[in-house]
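Here the structure comes first, spelled out in structure tokens, and everything after it is commentary.
What follows is calculated from the coordinates using simple rules that are stated; it is not laboratory data. Computed from a predicted model, the values in this text were never measured in an experiment. Note that each Cβ is placed from the backbone with ideal geometry, even for glycine, and that neighbours are counted across all protein chains shown.
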Amino acid sequence: MPLAWTINLRTALTGIFHSECSAWRRLPQYRFQRKQIFRVKYSWKTPLGFSPDATVSNLRLGAFSYVSPRTALHNVEIGRYSSIGDGVQTLSQHPVDFLTTSPVAYEAVFSGEFAHTPPEQNFEKMPKTTIGNDVWIGAGVKLISGVSIGDGSVIGTGAVVTKDIPPFTVVAGVPAREIRKRFPDHLVEKITALKWWNYNLIGANITWDTPEAALAEIEQKVRSGAVLHHPKRFHEIYKEGEGLGLREEAYAPFSRRYGRTSRKPFGVDVILIGL
């Protein structure tokens, strides 16, 4: 996996999102052909927010979600309608059960006369972190890599998450501990059954501040066709020379470059690789 690098998206790909990520903007469509990038007139919208100074690698970001400034996210999958606050970070792991916690046991760290080929060890320092749908992660939260954050969860500012968070749970503190359940069980069951985040609800007249009423309104709008299921698309933002390019449904190039064999979508809306 390439090392993470930070790039100013505002200058590299003009007009995607502003730094506060508080409004959706159209993303220019690019098509990849014969190793050239051709700009195409706006023909679709990708509703996501991505801060210009975020540092990410292998990030899968769902529709209607946003990533705030100064975040550092590596090997992370984020669902839809999720809000990632300023300075949220995923932290690598070290082998506490090995004789040493130093990475010299499983990877080359130094160069020159101290360069070495470490023995093969069954250790993953940055396992995949999963963040569900409708999750709010407050500013400055740190996530130990490999944790799973359930749908509808809320993580308070400055918390350090060291273990999985169940769906619809509010946590805070160091280490993060459960404060309360976000909704009663019967409401959680309704939300889980409807999976409202699969729909494009931007601009819909929903009584968001009354969850029971909001669910009923969404169900009615789905039945009537007033709101539509938001289809999953695959996009890849990648480094191209000194700038960035974007490929729509770039399954084959992704498979060739990263050793995957499937041409099917990976169940996410946008994939940012090596940014």
Dipole magnitude of region 87-229 about its Cα centre, charges +1 at Lys/Arg Cβ and -1 at Asp/Glu Cβ only, in debye to the nearest 20? 320
Sorted by chain and then number, the residues having a modelled amide H within less than 5 Å of the amide H of ASP164, at least 5 places away or on another chain, are SER148
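For every other residue with a beta carbon closer than 9 angstrom to the beta carbon of ASP134, add +1 if it is Lys or Arg and -1 if Asp or Glu, then tell me the sum. It would help to have the intermediate numbers written out before the result.
On the way: positive: ARG80; negative: ASP151.
Taking every Cβ under 9 Å from that of ASP134, the sum is 0.
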With +1 on each Lys and Arg Cβ and -1 on each Asp and Glu Cβ, how big is the dipole of region 46-129 about its Cα centre, in debye rounded to the nearest 20? 380
Please report, in whole Å, how far the alpha carbons of region 83-169 spread along each principal axis, starting with the longest. 50, 23, 19
Give me the net charge of ARG70's neighbourhood, meaning all other residues with Cβ under 10 Å from the Cβ of ARG70; Lys, Arg count +1, Asp, Glu -1. -2
Where does each of 122-128, 72-78 land if you order them by average Cβ count within 10 Å, highest first? 72-78, 122-128
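Can you sort LEU99, LEU194 from fewest to most other Cβ atoms within 10 Å of each residue's own Cβ? Mind showing how you got there, number by number?
Details: LEU99 7, LEU194 15.
Fewest-to-most ranking of LEU99, LEU194: LEU99, LEU194.
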Non-local residues with an amide H under 5 Å from the amide H of SER65, with H modelled 1.01 Å from N and Pro and chain starts lacking one, are GLY49, TYR81, SER82
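Under a Cβ-Cβ cut-off of 9 Å, what is the net charge of the residues other than GLN93 that fall near it, where Lys and Arg count +1 and Asp and Glu count -1?
Details: positive: LYS125; negative: GLU124.
Combined, the nearby Lys, Arg, Asp and Glu give 0.
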Which listed residue (TRP196, ALA216, PRO175) has the Cα farthest towards the positive end of the charge dipole for region 173-222, taking +1 on Lys and Arg C-beta and -1 on Asp and Glu C-beta about the Cα centre? PRO175
Residue by residue through region 60-66, what is 3J(HN,Hα) from phi via Karplus (6.51 cos²θ - 1.76 cosθ + 1.60, θ = phi - 60°)? Round to whole Hz and write x for glycine and proline. 10, 10, x, 5, 6, 9, 9
Please tell me which of these pairs span more than 24 angstrom C-alpha to C-alpha: LYS128/LYS232; LYS125/LYS163; LYS163/LYS190? LYS163/LYS190
